[in-house]
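Novice: Structure provided below as structure tokens; questions to follow.
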Amino acid sequence: MKKIVFIFLLINYSFCFGQGDILVKNSYPANYFDNPMDIPLVLSGTFAELRSNHFHSGLDIKTKQREGIEVFSSAEGYISRIKVSLWGFGKAIYITHPNGYTTVYAHLQKFSDRIENYIKKEQYRIENFEVEVFPTQDELPVSRKELIAFSGRTGGYMGPHLHFEIRDSKTERTINPLYFGFKIGDSKNPTINTLMGYALDNDSQINQINKPSQLTLIKSSDGNLVANKIYALGNIGFGINAYDQLNDAHNHNGIYSLETFLNGQKIYEFKAEDFAFYETNQINLLIDYERYQLINQRIQKCFNEPNLNLSLSKNALNNGIITIENGLNYTVEIVVKDFNNNEQKITIPITGKKEPILGKAEEIVTPYKINHKEFNEFTKEYAKVAFPKNTFYNDFYLNFEVNGNIVKVHTPTVPLANNYTLTFDVSKYSETERNQLYIASISEKGRKSYETTVKKNSTFYTSIKKLGNFTLLLDNEKPIISLYNFKNEQWVTNHNNLKVKILDRDTGIKSFRGEIDGKWILMEYDVISGILSYNFKDIIYTEAKHNLKIVVIDNVGNLNTLEATFYRKK
């Protein structure tokens, strides 16, 4: 198997900041990383890239669409955390280094033998596939370039890759790994696709429009862009959709920096340096969230919304808001760069002109006014919504309706900062029906999805962070369990694994349990294929005949059991 060592970091303080060290941006030590492949790393995801409800917290390193590539420790240290989960990072290792940094390796297929044995002992102790442990400094020390794992795609619906992070061990802030000297092949300029203009109060306008408007761009001979001249008045701002591409990759990655200049003076800057995880949900204030929900395009604003407090946005003069006065001329430049300083620029000529506003955003007034700084609770028929203070970023009128069995909680075009509670009165249903009922969200395309449902006497409720349509649905179907790589009463002496496929079409799998001869066994669950897999290396059996029992429960409690017999030589 070909060895690939992704990242190296020497972690002795006496060297980290010694005289003559090579430093990169922000003075992070750079000469302790090494790439023995001697070729640029190819990324499928960059740091602080705009993702759904979060900023990407590291680098996604391509593994040529393959799993099982060897992953090595970036430096000496000790494994301070191991987590195995069905979603999120999947299988992940955290290594704490003595120079104050922690490296993270995620979506792993499996761990090296030493680490695999360590974590399996805990899984068998608690009888659960999902586990999280925090080894002490002396339990799992690692040396530089030590094999720790194999790359994979665990943690959800994704392709094979390695997710890698560098964090400050004390603050847990995640830092752009490219600051530490990684070299990537990128000689291409970023690409700006779309320019949006925003009139930021009721009296402002861009081309006589008081609502978000897409502006026309013309490409010049040098590859930069020029917008058609706009006529504006009052407080305005801009936003762009942009991406970057590496030399050896077709995917669209995030940009490194965005700067806005007004008549040559910088008034706004976004830079992918580092951030705290509590900041990440503010991405929905940074982007034009309504446009993203409507047409799936992320427009990154070049100004700060009033409630935005994001360390990635910095050096903002008047929060990047531009005040246009009647009769004056302005030039705005927006410059987008990647980490290698390749750039593309938009020039926007503006003339201040007071004109009648022809297109204006209208606010629909309802009986349900949200004061985002206060607790808000509304009831209608059998449904109730409760919004803790600061659930939303701004005040607005909520569209709250009950139409038959559908509860409408506004539209999913308004960003939420925190969860709220949606409650259903289910007193009209029988006890049998209540046992099988659950709260479901309904997407714009009509897809119904289970939402975590808490049942308490005659009420059901869910804590949720999405708006839209909801309903109660009935799930009386048991999960489906089927043998995958063997048949009942089969000899499996030459098998390395036993595999079983599980599926639940309505609410999804809540839990599963596998036993052989009445004893719990560790079954790895692939959420993409729905396959449970048991490795025969885990337990040595002395008898030939064995009974396999699989129990699967869905999210409303429907239970199914499969039992089978297999034979295996000692």
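The values are calculated or read from the model by the stated rules, or taken from the named source; none is laboratory data. Just so it is clear, the model here is predicted, and its values are computed rather than measured. Heads up, the Cβs are rebuilt from the backbone with ideal geometry, glycines too, and the neighbour counts pull from every protein chain shown. The area values use the complete protein model at the heavy-atom level, side chains included, leaving out ligands, DNA and RNA. Shrake-Rupley method; radii C 1.70, N 1.55, O 1.52, S 1.80 Å.
Novice: Can you tell me the orientation of helix 113-126 relative to the chain, as the angle in degrees between its alpha-carbon axis and the longest Cα principal axis, to the nearest 10?
Specialist: 80 degrees
Novice: Here is a follow-up. To the nearest 20 Debye, how big is the dipole of the chain about its Cα centre, given +1 on the beta carbon of each Lys and Arg and -1 on that of each Asp and Glu? Walk me through the intermediate numbers first.
Specialist: On the way: 66 positive and 64 negative charges, 205 e Å.
Around 980 debye, computed over the chain.
Novice: Would you work out which of Gly159, Thr542, Val336 lies farthest towards the positive end of the dipole of the chain? Charges go on Cβ: Lys and Arg +1, Asp and Glu -1.
Specialist: Final value for the positive-end residue is Thr542.
Novice: Going by accessible area, probe 1.4 Å, with all protein chains left in place, what is the ranking of Leu246, Leu50, largest first? Don't skip to the answer; put the middle values down first.
Specialist: Numbers: Leu246 5, Leu50 35 Å².
Accessible-area ranking of Leu246, Leu50, largest first: Leu50, Leu246.
Novice: So, with +1 on the Cβ of K and R and -1 on the Cβ of D and E, and no other charges, what is the size of the charge dipole of segment 360-515 about its Cα centre, to the nearest 20 debye?
Specialist: Values: 23 positive and 18 negative charges, 68 e Å.
Computed charge dipole of segment 360-515: roughly 320 debye.
Novice: Per residue, how many Å² of accessible area does segment 135-243 show with a 1.4 Å probe? Don't skip to the answer; put the middle values down first.
Specialist: Values: 4590 Å² over 109 residues.
Heavy-atom accessible area per residue stands at 42 Å².
Novice: Label points 7 Å out from Cα along the Cβ direction at Asp517 and Lys145: separation in nm?
Specialist: My value for the distance between the label points is 4.5 nm.
Novice: For segment 357-419, which trypsin sites (Lys or Arg not before Pro) are both in a DSSP coil and crowded by at most 15 other Cβ atoms within 10 Å?
Specialist: Details: sites: Lys360, Lys369, Lys373, Lys380, Lys384, Lys389, Lys408; in loops: Lys360, Lys373, Lys389.
Taking segment 357-419 and a limit of 15 other Cβ atoms within 10 Å, the loop trypsin sites (Lys or Arg not before Pro) found are Lys360, Lys373, Lys389.
Novice: With r defined as the distance between the Cβ atoms of Glu381 and Phe536 and R0 fixed at 60 Å, what FRET efficiency is calculated, to the nearest 0.05? Please list the in-between numbers first.
Specialist: Details: r = 57 Å, r/R0 = 0.94.
For Glu381 and Phe536, the calculated efficiency is 0.60.
Novice: Ignoring ligands, DNA and RNA, what accessible area per residue does segment 384-434 give at 1.4 Å, in Å²? Please report the intermediate quantities before stating the final value.
Specialist: On the way: 2310 Å² over 51 residues.
The answer is 45 Å² per residue.
Novice: Using protein chains only and a probe of 1.4 angstrom, how many square angstrom of Met158 are accessible, to the nearest 10?
Specialist: The value for Met158 is about 50 Å².
Novice: Now for a different question. Are there GluC sites (Glu not before Pro) in segment 459-538 that DSSP marks as loop and that have at most 11 other Cβ atoms within 10 Å, and which are they? Display every interim value, and only then the final one.
Specialist: Working: sites: Glu477, Glu489, Glu515, Glu524; in loops: Glu477, Glu489.
Passing sites in segment 459-538 are Glu489.
Novice: If you don't mind, there's one more thing I want to ask. Given +1 on the Cβ of Lys and Arg, -1 on the Cβ of Asp and Glu, and no further charges, what dipole in debye does segment 300-435 carry about its Cα centre, rounded to the nearest 20? Numbers along the way, then the final one.
Specialist: Numbers: 15 positive and 16 negative charges, 38 e Å.
Dipole of segment 300-435, to the nearest 20 debye: 180 debye.
Novice: At 0.36 nm per residue, and after removing the present C-alpha to C-alpha distance, how many nm does the segment from Thr413 to Lys456 gain when stretched out fully? Walk me through the numbers on the way to the answer.
Specialist: Details: separation 43, 0.36 × 43 = 15.48 nm, distance 3.07 nm.
Value of the extension gain: 12.4 nm.
Novice: Let me ask you something else. Please list, short to long, the whole-number percent of alpha-carbon pairs of the chain in consecutive 20 angstrom bins beginning at zero.
Specialist: The distribution over the chain is 17, 43, 33, 6, 0, given as percents.
Novice: Computing the accessible area with a 1.4 Å probe over protein heavy atoms, can you report the carbon and sulfur percentage for segment 295-377?
Specialist: Values: 2050 of 4570 Å².
Carbon and sulfur: 45 percent of the exposed surface of segment 295-377.
Novice: Follow-up. Which one, Asn399, Ile148, Phe387, is farthest towards the positive end of the dipole of the chain when Lys and Arg carry +1 and Asp and Glu -1 on their Cβ?
Specialist: Of the listed residues, the answer is Ile148.
Novice: Pop a pseudo-label 7 angstrom from the Cα along the beta-carbon direction at both Asp203 and Thr561 and give the gap in nm to one decimal.
Specialist: In this crude label model, Asp203 to Thr561 measures out at 7.5 nm.
Novice: Same structure again: Carbon and sulfur atoms: what percent of the 1.4 Å accessible area of segment 423-570 do they account for?
Specialist: Working: 3690 of 8250 Å².
Within segment 423-570, the accessible surface is 45 percent carbon and sulfur.
Novice: Quick one: compute the contact order of the chain, relative version, from alpha carbon pairs under 8 angstrom and 6+ residues apart, as a percent. Write down the numbers at each step before the final one.
Specialist: Values: 1405 pairs, mean separation 58.3, N = 570.
Over the chain, the number comes to 10 percent.
Novice: Post the alpha-carbon centroid distance, segment 428-452 to segment 138-208, in whole angstrom.
Specialist: So the two Cα centres are separated by 36 Å.
Novice: Describe numerically, in nm with one decimal, the distance between label points set 7 Å from Cα along Cα→Cβ at Asp113 and at Ile528.
Specialist: Between Asp113 and Ile528, the simple spin-label model gives 2.8 nm.
Novice: What share of Cα pairs, in percent, lie more than 19 angstrom apart in segment 265-404? Walk me through the intermediate numbers first.
Specialist: Working: 6710 of 9730 pairs.
Cα-Cα pairs of segment 265-404 separated by over 19 Å account for 69 percent.
Novice: Among Asn207, Ile192, Tyr179, which residue has its Cα furthest toward the positive end of the charge dipole of segment 156-213, with +1 on Lys/Arg Cβ and -1 on Asp/Glu Cβ?
Specialist: So the residue we want is Tyr179.
Novice: Given R₀ = 35 Å, FRET efficiency for Gln65-Thr351 by Cβ-Cβ distance, to 0.05?
Specialist: On the way: r = 52 Å, r/R0 = 1.48.
E(calc), rounded to 0.05, equals 0.10.
Novice: Additional query: Among bridges DSSP assigns within the chain, what percent are antiparallel (round to 5)?
Specialist: Values: 157 of 167 bridges.
That works out to approximately 95 percent antiparallel.
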